[in-house]
Structure formats: C-alpha cells, structure tokens
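Here's the structure we're looking at; comments come further down.
The values are calculated or read from the model by the stated rules, or taken from the named source; none is laboratory data. All values derive from a computational prediction rather than experimental measurement. A quick note on method: Cβ atoms are made from the backbone with ideal geometry, for glycine too, and the neighbour counts reach across all protein chains shown. Note: accessible area is taken over every heavy atom of the protein model, side chains too, but ligands, DNA and RNA are not part of it. Shrake-Rupley method; radii C 1.70, N 1.55, O 1.52, S 1.80 Å.
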Amino acid sequence: MSTPLKIIFAGTPDFAARHLQALIDSEHEIVAVYCPPDKPSGRGKKLTPCAVKQLAMDHQLTIEQPINFKDLADQQTLAEFDADLMVVVAYGLLLPKAILDTPRLGCINVHGSLLPRWRGAAPIQRAVEAGDAQTGVTIMQMDEGLDTGDMIAKASCDISNDETSSSLYDKLALLGPKALTDTIAKMADGSATATPQNDAEANYAHKLNKDEAIIDWNLKAKVLERKIRAYQPWPFAQIHFEDEKQQLQRIKVWQADVIESNSDLAPGTILQADKNGITVQCADGALSLTQLQLPGKKPLAVADILNGRADWFEPGTQICGNK
C-alpha cells in the first residue's frame, strides 16, 4: 500500500465519475470534488447535477462548483484544502497556473487518447473517425497548454472494425481508473517518472458539431462508414431531405456497410432498396444503410423502415441534397 494522499477531484460526466469511484474505493482521501454548476435538463428544465456531483453527494464529499478559477476567492478556497494532488477528468475548465501550482504534486489529467496522437475536446470520436487501429488513455502531468503535459502512464486497447464512440468510451472507462490509481500509487512513493510529448506527432481533435454530422455523399464510402460510427452517441450521422409535404426530415443513420460499386450515377443516388439495406452511391464505392431512425421513432432495421416509408427510398432518386 502506498502512502495515502489528500486528493482534490475535478470532473463532470459519467466517464469522470467512474474514476472518482476508483479513488473513493482506494486508500486515498478525497478532500473536495469540483464540478460545473448544475444545468437545466429535461422538459421541465429542472436544475440537474452532473454525474460527478451526484456520486460526490452519495458519498457526502465536499463539493465546489466555481464558474471558473479567475476569482481569487475560488483559488484561495482550493488552496485551503491543502491537497497533495488534484486529479482532473473531463472537467471542461482550463486551469490557470495558480491552480496547477497549488497542490504539492501538481495536477494530473486522464486523457482519452494515446498522447500525443489526439489532443483536444473529442479524442475518442476522432480516433474512430480517422480509422485508428488502437487508442487508450494517458495519465498526464498538467501544464498550461492544451493536453501538452508530460506523460506519466499509458494504457492501450484495440479499436474494432465495428467500434462506435459509445462502445470505445466504455472500454476507456474501464482502462482509465486502474491506470489512474496505479499512477497515484507511484506518485505517492516517489517512483513515478514523466516523459515529454513529441509535438510533431500531435493532432488536434476538434469538438464535434451538428453540421458535420449531415452525410455528404461526395465523400468515400469507407470514410462515411467511419463517421457513422464516430458520431454515436452524438451528434449522429444524419440524412436531411424534404418530404412530399416539403417538411424537412432528419433521419439518423445507426449502421451501414461499405460495398463495392461500379455505378456511374451521381453520389447520393439510391441504387437499391430492399430488406437487406438501402444502397447509396458515394464518391468511391457505396454504402448499404441497414439501420435507421425516423424522426420521433425508435431505431429500426431497414426492412421495417421500408414497410412504412418505401416511397422515401425509391431507387434512382437522390436520398438527400449534399452539403
């Protein structure tokens, strides 16, 4: 057993909460939990705590929710906890140098990629979108840059050919907590070492937006197939088109397969529609759409979609306008 440390934890979503749970289960003392202010949620817009705050409340931990750390009073409050270490996981706030320097051992971050491969807001999604064969988590000593700190530990996993961002998120949520607790144990006994990142190998993982989720059939089929998996659970790859009543329909694409195509028809043209899939020509190859979700409905196999809306997917027509 390592020497127990006094730890401040900062995080927001379920991914972060799983790491907090690992620390709660360890010999270390959680002296405070930091998370964003509660946000309106649901139809009633009721203020709702994030997953990290909910877990902290369940364990009666001290909770702080500053808007940022620019206020000197917030910086002083954090200093008064006299923590050895601050652990940051998907917190959503940049920490100023004054905060980074406050804990005796500084601040460490659990990042969802094998740094420096993907720095930035969406490393899990961009790894799937790029077709990476492997990814993982990196435990990093935080500095003032964006995910540029020295690396203390890594844990890796494969990305399967049918991997979505959602399933990969779950894989990393299992890898991260053990890598974190192992790292803290080494920091506690002084055996941890840190390796600088090679900036030349870094890529920036831009935050996802709704516009890029609209399928552009002028891209290659294999590129679109990866995007469909990368954009789950948000914002979901979508087909947009006007129906017979000139109403805009937004159809989510849950699953598609890449197939060979020698057609010279324009990208976006429906080549075939039957119980096996809706085949659409792309810039190179074709996609067979096999699972869709109509507006206000549950995701369904294409065979069930065609039973009710075959008129939307007639072969020879354009399935939607391109971006």
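Observations, loosely collected:
- Heavy-atom accessible area order for 91, 169, largest first, 1.4 Å probe: 169, 91
- The simple spin-label model puts a point 7 Å past each Cα toward its Cβ; for residue 234 and residue 157 those points are separated by 2.0 nm.
- Inter-centroid distance (Cα atoms) of region 218-292 relative to region 110-163, Å: 29
- Using C-alpha pairs below 8 Å separated by at least 6 residues, the relative contact order for region 269-317 is 40 percent.
- Working from Cα pairs under 8 Å separated by at least six residues, relative contact order for region 26-104 is 29 percent.
- Solvent-accessible heavy-atom area per residue, rounded to whole Å², over region 189-300 at 1.4 Å: 56
- Beta bridges per DSSP with both ends in the chain, % antiparallel, nearest 5: 65
- Dipole-positive endmost among 299, 273, 310 within region 226-323 (Cβ charges, Cα centre): 299
- Here residue 206 sits with roughly 110 square angstrom of accessible surface, probe radius 1.4 Å.
- Net +/- balance of residues flanking residue 252 in space, Cβ distance below 11 Å, scoring K and R +1, D and E -1: +3
- Pairs of alpha carbons in region 181-260 separated by more than 20 Å make up 57% of all such pairs.
- Global geometry of region 46-164, whether rounded, prolate or oblate, following the gyration tensor of its Cα atoms and the 1.5 cut on a/c: prolate
- Share antiparallel - DSSP beta bridges, region 1-75, percent rounded to 5: 30
- At q = 0.22 Å⁻¹, base-10 log of I(q)/I(0) for region 1-76 (Debye sum, equal scatterers on each alpha carbon): -1.01
- With contacts taken as Cα pairs under 8 Å and at least 6 residues apart, the chain reaches a relative contact order of 13 percent.
- In the chain, the DSSP-assigned H stretches of four residues or longer account for a calculated mean residue ellipticity at 222 nm of -7500 deg cm²/dmol, using -39500 (n - 2.57) per stretch and the full residue count as denominator.
- Listed residues 240, 59 arranged by accessible area, highest first, probe 1.4 Å: 59, 240
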